Amino acid sequence: MSDTATDNPLLRDWNGPFGLPPFAEIETWHYEPAFEAALATARAEVDAIAANPEPATFDNTIAAMELAGRDLTRVASVFFNLAGSHTSADLQRIERDIAPKLARHSSQTLLNQDLYARVAALWEVRATSGLDAEAARVLERYHLMFTRAGAALDEAGRTRMAEITQELAVLGTRFSQNVLADEAGFQLLLETEEDLAGLPSFLRQAAAEAASERGHAGKHVITLSRSLIEPFLQFSTRRDLREIAFNGWIRRGENAGDTDNREVIAEILRLRRERAELLGFADFASYKLDDTMAGTPEAVRDLLTTVWTPAVAQAKREAAALQALAAEIGDNVTIAPWDWRFYAEKLRLRDHALDEAELKPYFQLERIIEAAFDTAQRLFGLNFRQVEGLGLYHPDVRAFEVTDADGAHVGLFLGDYFNRSTKRSGAWMSAFRRQQKLGGDIRPIIVNVMNFAKAPKGEPTLLTFDDARTLFHEFGHALHGLLSDVTYPMISGTSVSRDFVELPSQLYEHWLSEPEVLSRFAVHVETGKPMPAELMERVLAARNFNQGFSTVEYLASAIFDLDVHSRKGAERVEVAELETQTLSRLGMPDEIVMRHRPTHFAHVFSGDGYSAGYYSYMWSEVMDADAFTAFEETGDIFNADLARRLREAIYSAGGRQDPKDAYVAFRGALPDASALLRKRGFV
């Protein structure tokens, strides 16, 4: 088979509708030759920039770097999107093979001394270079990227940094593939009516669909998809089956054999610590946080501790209430982690007259998508038109053209909403193409990936309120990518500090909980009638129900992440012991486990993304709680002036300025944690 650029669809110009990748033409065997060719081209382009005999200028160095590696960016965007959302054994093999090659290419670029000399020379004269603010910001990011990669180290240090980068790339890939294997390999088969005891009809239907997809037609299967496992833990009256399902969920990556992640984590932690020390930092957390809004591990720990104290007190009160309820109804049990959701559902029904089975018919997937789009229209003037026949990467994926208020094309939005065995768990936003203007007016192609349980054919998919909030959250990220309006790829869209990137997503969640939105889009699947005002009042009154539990399970993971990356010294400690140390020091309630236990903590160990950075959700929540307060203070949650400022300062600005300056440009001042504590009901 030929692997020339003219024969390989990954390397040809993508001239189809919206510049989409030609998914229908791409075969698995195309990826390896495409990567090989794209890496060679990118290497030649970068080397030519480094060897340029002309004195360094912004255009011949920084802008040239921004334009280099176009083919590699395109091939990688397709491959890694599909490796997460629609993978296969062959794609996973390629992923394992390509990870160290991409890491080596990155190191060869960022540790290239000629190239670094050009960047450093530009940095030295930045004050007199006459660059505009955006170009100056891009230069700053490039200089920081090179120094944090080790470009200023001696030869031995640079060599070791390159080795560490490649080793971490291999380990991160292995970690995520191990988790996916454990998720795909688990299924709780429910064969009798007794096995189904307590399950409402919506969950039975979803479990039947999951069983059918896995070759068990006529039976029911619970997988580790959140949209199946969580309602099963809420409703199943079979405590023995709840325990089996729960343990399957929390022990991903901890089952011995080839998919066990404990040794992988130990090696990742060792290498991260060594990298930080090479760069002169006391520990990895100090290195990672040096380039964030928080700045230091101490600042992060202060915030997490501030919230932990009231959260754990509330969680203990909640645990006591669940224990009392169990005794009240005659269940002779001590509340265990697999019991919490079951009794919490009963308590919510008793105290707030809320039943998930009563609520779910009001949250149809299609109507929640409409709600997310309508909110974007009212805030930012965006319009969404579904486009058929584009030949996307899976039949479940749908596409929407996004246009501005004046009809101008903004970008393409893809929604991939349903779980499948070829998709990793969780929910995320990604890009097949990012906005930029340096290489022409390049419009973004953004995707949201979810794991909702798909309804049987011909029936509408129903969501929980948490599912709906997840959809709004990820769509907030999508808007951050779609509305990006910058020149340089380096600062496009979500290319911002990790503890700032969750602001646009978490802020967007607020609109879902507003009566003005719920009254229009929370309509009953059978009657078409809107949610009654009385039911909506109960929903909103209970928004902080179980808040101690949800805050504690999150904070325990965030504090563990900070703890293990703040360790100094080279002594080896078992991962289980590190987990125990954190939870013991915190006084973690026995009834609750970490939201992400170490061996499946993909945010932190599948790559560097959220390493020493899982706190970012709460750091951003300090801002999102304050930011939505700004809308509430106007008396109009769609206030046009405020929405315009939000778009200009946050959603469209990418990484154009320091995130603190971006927030101040929107709100006028930085917030403290008081709005967050009020939002969670802790004050």
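Which of the lysines could be linked to Lys316 by a straight reach, that is with a Cα gap under 24 Å, when you skip same-chain ones fewer than 8 residues away?
Counting by Cα, and skipping residues close in sequence, Lys316 has these lysines nearby: Lys346, Lys679.
Extension gain Ala136-Asp47, at 0.36 nm per residue separation less the Cα-Cα distance, in nm?
Gain on stretching Ala136 to Asp47: 29.7 nm.
Applying a 10 Å radius around every beta-carbon, put 551-564, 640-653 in order of their mean neighbour count, most first.
The densest-packed peptide leads the list: 551-564, 640-653.
Shape call for the stretch 176-250 from the C-alpha gyration tensor, a ≥ b ≥ c root eigenvalues: rounded (a/c under 1.5), prolate (a/b greater than b/c) or oblate?
Judged from the Cα gyration tensor, the stretch 176-250 comes out oblate (a/c at least 1.5, b/c at or above a/b).
Output the 0 to 90 degree angle, nearest 10, between the alpha-carbon long axis of helix 616-634 and the longest principal axis computed from the alpha carbons of the chain.
Tilt relative to the chain: about 80 degrees.
Quick one: grab the alpha carbon gyration tensor of the stretch 388-487, order the square roots of its eigenvalues as a ≥ b ≥ c, and give me rounded if a/c is under 1.5, else prolate or oblate depending on whether a/b is larger than b/c.
Cα axes put the stretch 388-487 in the prolate bin.
Would you be so kind as to identify which of Val125, Gln92, Ala50 lies farthest towards the positive end of the dipole of the stretch 30-138, taking Lys and Arg as +1 and Asp and Glu as -1 on Cβ and the Cα centre as origin?
Gln92
Would you kindly find the accessible area of Arg385, with a 1.4 Å probe and non-protein molecules such as ligands, DNA and RNA excluded, rounding to the nearest 10 Å²?
Here the residue's solvent-accessible area equals roughly 120 Å².
What lysines sit close enough to Lys568 to cross-link, taking a C-alpha to C-alpha distance under 18 Å and skipping anything fewer than 8 places away on the same chain?
Lys288
Accessible area of Met293, 1.4 Å probe, to the nearest 10 Å²?
Rounded to the nearest 10, the figure is 10 Å².
What percentage of the solvent-accessible surface of the chain, computed with a 1.4 Å probe over protein heavy atoms, is contributed by carbon and sulfur atoms?
Accessible surface attributable to carbon and sulfur in the chain totals 50 percent.
Take the alpha carbon gyration tensor of the stretch 279-438, find the square roots of its eigenvalues, order them as a ≥ b ≥ c, and report rounded if a/c is under 1.5; if not, report prolate when a/b exceeds b/c, else oblate.
Since a/c reaches 1.5 but b/c is at least a/b, the shape of the stretch 279-438 is classed as oblate.
With unit charges on the beta carbons (Lys and Arg positive, Asp and Glu negative) and the dipole taken about the Cα centre of the stretch 447-565, which residue among Leu471, Val523, Ser557 sits farthest to the positive side?
Farthest along the dipole direction, towards plus: Val523.
Going by average Cβ density within 10 Å per residue, which order do the peptides 155-167, 205-217 take, highest to lowest?
205-217, 155-167
Any chance you could check the Cα centroid distance between the stretch 572-613 and the stretch 634-683 for me, in angstrom?
Between the Cα centres of the stretch 572-613 and the stretch 634-683 lies a distance of 31 Å.
Using helices alone, I'd like the mean residue ellipticity at 222 nm for the chain: each DSSP H run of four-plus residues gives -39500 (n - 2.57), total over residue count, nearest 500.
Only helices count here, giving -17500 deg cm²/dmol.
Percentage of Cα-Cα pair distances in the chain greater than 44 Å, rounded to whole percent?
Tail fraction, whole percent: 20.
Let me know the charge dipole size of the stretch 427-476 about its Cα centre in debye, to the nearest 20, where only the beta-carbon of Lys, Arg (+1) and Asp, Glu (-1) is charged.
280
Using a 1.4 angstrom probe on the protein heavy atoms only, line up Ser519, Ser497 by accessible area, largest first.
Ser519, Ser497
So what's the angle, to the nearest 10 degrees on a 0 to 90 scale, between helix 31-50 and the longest Cα principal axis of the chain?
For helix 31-50, the angle is close to 50 degrees.
So if I take the centroid of the Cα atoms in the stretch 349-363 and the same for the stretch 101-163, what is the distance between those two points in Å?
So the separation of the two Cα centres works out to 55 Å.
What three numbers, in Å, describe the spread of the alpha carbons of the stretch 504-629 along their principal axes, ordered from the longest?
Principal axes ranked by extent give 62, 31, 27 Å for the Cα atoms.
Identify all lysines with a Cα-Cα distance to Lys454 below 17 Å; exclude those on the same chain that are fewer than 8 residues away in sequence.
Counting by Cα, and skipping residues close in sequence, Lys454 has these lysines nearby: Lys219, Lys360, Lys423.
Just reorder Glu537, Glu579 by solvent-accessible area, largest first, 1.4 Å probe, all chains present.
Most to least solvent-accessible, the answer reads Glu537, Glu579.
Kindly express, to the nearest 10 degrees and within the range 0 to 90, the angle between helix 239-250's C-alpha long axis and the longest C-alpha principal axis of the chain.
Once rounded, the angle reads 10 degrees.
Relative to the Cα centre, what is the charge dipole magnitude of the chain, using +1 at the beta carbon of each Lys and Arg, -1 at the beta carbon of each Asp and Glu, and rounding to the nearest 20 debye?
280
Over the chain, give the accessible area per residue in Å² for a 1.4 Å probe, as an integer.
For the chain, the solvent-accessible area averages 40 Å² per residue.
Looking at the stretch 403-554 only, what percent of DSSP beta bridges run antiparallel? Nearest 5 please.
Rounded to the nearest five, the antiparallel share is 55 percent.
Sort 318-330, 619-631 by the packing proxy (mean of other Cβ within 10 Å over each peptide's residues), most packed first.
For the peptides 318-330, 619-631, the packing ranking is 619-631, 318-330.
How big is the stretch 288-351 in terms of Cα radius of gyration and Dmax, in angstroms?
17.7, 54
With point charges of +1 on the Cβ of Lys and Arg and -1 on the Cβ of Asp and Glu, referenced to the Cα centre of the stretch 215-339, which listed residue (Ser286, Leu322, Val264) lies farthest in the positive direction of the dipole?
About the Cα centre, the residue reaching furthest to the positive side is Leu322.
The values are calculated or read from the model by the stated rules, or taken from the named source; none is laboratory data. All figures in this text were calculated on a predicted structure; none of them were measured in a lab. Note that each Cβ is placed from the backbone with ideal geometry, even for glycine, and that neighbours are counted across all protein chains shown. Each accessible area value is taken on the protein alone, full model and side chains, heavy atoms only, with ligands, DNA and RNA left out. Shrake-Rupley method; radii C 1.70, N 1.55, O 1.52, S 1.80 Å.
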